Amino acid sequence: MEQDFEQIYQTYAPELYYFILQMCRNEHLAMDILQDTMLKAVISINQFKGECSMKTWLCTIAKHIYFDHLKKAETKNISLEILPEYAQQNHFEQQIYDTQQALQIHKVLHCLEEPYREIFMLKVFAELKYKDIGAIFNQSENWAGVMFYRAKKKLIKLLQEEDIL
């Protein structure tokens, strides 16, 4: 079992880390969530039924851990708007992208309502297939494709409104 988990870690950790990094935009937090995700995966491996890919299952675990982190930050009265500033004060690295335009695009992306934002991130950043995205939401592959198309249209509209495109 330990050898199997090592193989899972080696196979999925790099892509999973990138997926998490796109959600939280903080390298240290992404690494913490990655480790928590892998720990939870080891503990609950018997719950993995194979109805979706291992990558999809791990992304779902990571997403839930990240959302739990955000809820805990809210209960500590840390405003989500100042979370990057709070992270910097605690010696966390700045966001992954250096350019102002990339920062603006990410800010606009986070203005998308759910599930559009998450679907867009799963498709673009985690490079999941529509089938896997649909499985995360207990929906069909077709539903995921339609929702991604709508998310893309909404994002383009927001970018145009902000004069980024």
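We did not get these values from a lab; they are worked out from the coordinates using the rules stated. It should be emphasised that the depicted structure is a prediction, and the values quoted were computed from it without experimental measurement. So basically every Cβ, Gly included, is an ideal-geometry build from the backbone, and we count neighbours across all protein chains shown.
Counting only helices (runs of 4 or more DSSP H) that fall entirely inside region 1-76 and contain at least 1 residues that are among the basic types (Lys, Arg) and under 21 Å from residue 117 (Cα atoms), the qualifying elements are 54-75.
Can you find, within region 47-69, the residue that is nearest to residue 126 (Cα to Cα) among those that are more than 12 Å from the chain's Cα centre (by Cα) and in contact (Cβ under 8 Å) with a residue 12 or more places away in the chain? Taking the candidates together, the pick is 55.
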